[in-house]
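The values are calculated or read from the model by the stated rules, or taken from the named source; none is laboratory data. Here the structure is a predicted model, which is why all the values come from computation and not from measurement. Here the Cβ positions follow ideal geometry from the backbone for every residue, glycine too, while neighbour counts run over all protein chains shown. Keep in mind that these areas ignore ligands, DNA and RNA; they rest on the heavy atoms of the full protein, side chains included. Shrake-Rupley method; radii C 1.70, N 1.55, O 1.52, S 1.80 Å.
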Amino acid sequence: MRGGARVRTLAAAVLALLLAVTTAACTGGGEDAGDGTIRLRFLSLAWQKESVDANRQLVREWNAANPGVRVAYVQGSWNSVHDQLLTSFEGGEAPDVIHDASDDLADFAYGGYLADLRTLLPERLTSDIPRASWETTTFGEGVYGVPFLQEPKVLIANRKLVESSGIRLPTAERPWTWDEFRGVARELTRSMGKGRYAVAWPLKEPVATTLNLGLSAGGQLFHREAGGKVRIRFGDGDALVPDVIRDQVNEDRTASRTILGSGGSDALPGFFGGKYAMVPLGFSYRQQIAQQAPEGFEWTVLPMPVGPGGAVQGVSPQTLSIAEDTRHKREAAAFIDFMLRPANMVRLAKGDWMLPTGNAALADPALRAEKDGWAVGTALARGLRSAPAQSVRGYPEWKDKVATPAYQEYYSGAIGERELKRRLERDGNLVLARYQR
């Protein structure tokens with residue numbers, strides 16, 4: 001969620017005030033002058049009630065078991081978190097433990113605001129999380145966050161519509177190819193009748209979805225050259241997924257045009273009303289669907305189509321980091337280790353309706369149930385990879401100023417593939433060059 005300049009400024013100011021108040025209460029994040037207790041501040045971005053409750057309860061449990069290291073829970077917001085954190089870092093009021101996402105860490109890691117965690121974390125934690133997940137928080141030679149929750153894209157489908165059509169439903173073991181998906185969408189749209197569509201692509205934020213799904217087609221887009229500099233090259237693998245989406249909207253007429261510029265939540269009324277049979281959404285949207293679906297509405301979770309690259313997707317996991325300026329890195333790392341013990345990671349995953357990164361947590365029976373599509377998600381976990389632009393400096397500006405408008409115009413049919421390629425490469429490389437001088 002992103003707001004305008006006034007929202008960002010207000011949000012940053014509010015967070016700075018909260019951190020300043022907490023800092024005063026915690027004597028600067030150091031030891032209490034009276035009793036020697038170490039006091040840490042934990043900035044949490046949890047926002048759903050179940051997730052907030054889980055995080056707050058874990059903080060209470062830590063404090064009860066560790067009276068010498070007290071943790072204060074500070075509620076933050078995903079809305080403009082980058083600006084909020086930058087304000088707190090530059091003002092010397094950064095929280096000790098920071099909840100964020102891996103695609104927001106690059107500037108803070110390279111800027112020296114985050115601690116390198118390689119010597120701080122226990123072997124239990126580092127070995128439990130797969131190498132592919134650690135790659136999302138590795139910048140240069142250092143590791144600057146612990147990835148702990150991740151969210152693949154899935155197809156949320158109207159069970160009655162897809163089952164009554166007679167099409168073969170995909171499984172994690174035998175997903176649709178992108179070509180099959182296009183054919184299935186044609187067949188499903190014909191069976192649904194006029195004014196209804198097989199697919200709704202809510203692509204208000206098209207870049208992450210396009211790049212992450214493009215991994216299955218062999219897409220890469222960002223290429224690191226000798227010397228470490230990154231250049232954008234748009235190849236066949238980068239074109240496959242955008243071509244399918246564009247053709248579904250403009251040629252096949254199997255995907256709704258009106259929903260293209262909308263967010264995921266905006267597609268749900270039409271989905272519940274039978275206008276769309278399938279909606280590609282993040283895994284956590286299942287909670288909203290479970291809570292808002294009308295009585296008697298049956299839905300199911302299907303894996304996304306795959307290309308020549310196999311059943312892989314890019315993800316940007318939620319992370320826990322430690323501020324470089326904190327005087328108590330060891331204690332902060334111990335708190336992170338507590339939060340991410342397997343049983344606690346399961347609690348956090350269930351609270352956010354997301355997948356944990358840890359292998360032990362993924363094996364928990366509660367996350368492998370067929371109900372609400374949990375089993376589909378856990379089956380997809382082995383194919384989750386670092387998002388393509390994870391460590392690229394300048395990516396936020398490229399995304400906002402170049403890629404978002406270019407993809408939006410391409411999906412709407414306003415420009416063709418040659419113009420899309422030109423904008424992404426020519427305009428995009430000019431942006432990246434400023435960050436790589």
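Of the residues Arg39, Arg60, which is more than 11 Å from Pro95 (Cβ to Cβ), under 28 Å from the mean Cα position of the chain (by Cα), at pLDDT 95 or above and among the basic types (Lys, Arg)?
After applying the criteria, what remains is Arg60.
When residues of region 352-387 are filtered for being among the small types (Gly, Ala, Ser) and on the phi > 0 side of the Ramachandran plot, how many remain?
Residues of region 352-387 that are among the small types (Gly, Ala, Ser), as a first pass: 358, 360-361, 363, 366, 369, 373, 375, 377, 379, 381, 383, 386-387.
From what's left, on the phi > 0 side of the Ramachandran plot: 373.
Residues that pass the stated criteria total 1.
Quickly run through region 287-344 and pick out the residues that are open to solvent by less than 40 Å² (accessible area, probe 1.4 Å) and of a type in the set (D, E, K, R).
The answer is Asp337, and nothing else.
Using the structure shown, decide if Leu380 is at pLDDT 95 or above and either open to solvent by 10 Å² or more (accessible area, probe 1.4 Å) or touching a Cys at 6+ places or on another chain (Cβ under 7 Å) (or both).
Yes: the conditions hold for Leu380.
Could you pull out the residue among Arg190, Arg174 that is in a loop (DSSP other than H, G, I, E, B) and modelled with pLDDT of 95 or more?
Arg174
Do you know which of the residues in region 67-81 that are in contact (Cβ under 8 Å) with a residue 60 or more places away in the chain and open to solvent by 20 Å² or more (accessible area, probe 1.4 Å) is farthest from the chain's Cα centre (by Cα)?
Ranking the candidates gives Val69 first.
Given the condition within 14 Å of the chain's Cα centre (by Cα) and not assigned by the TED database to the domain that holds Asn212, answer yes or no: does some residue in region 108-115 qualify? Walk me through how you get there before you give the answer.
Looking only at region 108-115, we keep the residues that are within 14 Å of the chain's Cα centre (by Cα), and these are none.
No, region 108-115 contains no residue that is within 14 Å of the chain's Cα centre (by Cα) and not assigned by the TED database to the domain that holds Asn212.
Against the definition (closer than 18 Å to Ser391 by Cβ and among the hydroxyl-bearing types (Ser, Thr, Tyr)), how does Thr138 come out, yes or no?
The answer is yes for Thr138.
Pick from region 82-100 the residues that are at pLDDT below 95 and open to solvent by less than 10 Å² (accessible area, probe 1.4 Å): which of them is farthest from the chain's Cα centre (by Cα)?
Per the stated criteria, the residue is Ser88.
Just one of the numbered conditions (1) among the aromatic types (Phe, Trp, Tyr); (2) within 23 Å of Arg327 (Cα to Cα); (3) under 19 Å from the mean Cα position of the chain (by Cα) is not true of Trp134; which one?
Looking at each condition in turn, Trp134 falls short on (2).
Are there any pairs with C-beta distances below 6 angstrom linking a residue in region 424-437 that is among the aromatic types (Phe, Trp, Tyr) to a residue that is open to solvent by 40 Å² or more (accessible area, probe 1.4 Å), with the two at least 6 apart or on different chains, and if so which?
Correct list of pairs: Tyr435/Arg393.
Output the residues belonging to region 403-422 that are open to solvent by 10 Å² or more (accessible area, probe 1.4 Å) and closer than 14 Å to Phe222 by Cα.
Once the filter is applied, which keeps residues that are open to solvent by 10 Å² or more (accessible area, probe 1.4 Å) and closer than 14 Å to Phe222 by Cα, region 403-422 yields only Lys421.
When you check Arg437 against the structure, is it assigned to a loop (DSSP other than H, G, I, E, B) and either buried (at least 18 other Cβ atoms within 10 Å of the Cβ) or of a type in the set (Lys, Arg) (or both), yes or no?
Against the criterion (assigned to a loop (DSSP other than H, G, I, E, B) and either buried (at least 18 other Cβ atoms within 10 Å of the Cβ) or of a type in the set (Lys, Arg) (or both)), Arg437 qualifies.
Collect the residues in region 204-247 that are in contact with a strand residue (DSSP E or B) (Cβ under 6 Å, 6 or more places away or on another chain) and among the basic types (Lys, Arg), keeping them in residue-number order.
Result: Arg224, Arg231, Arg233.
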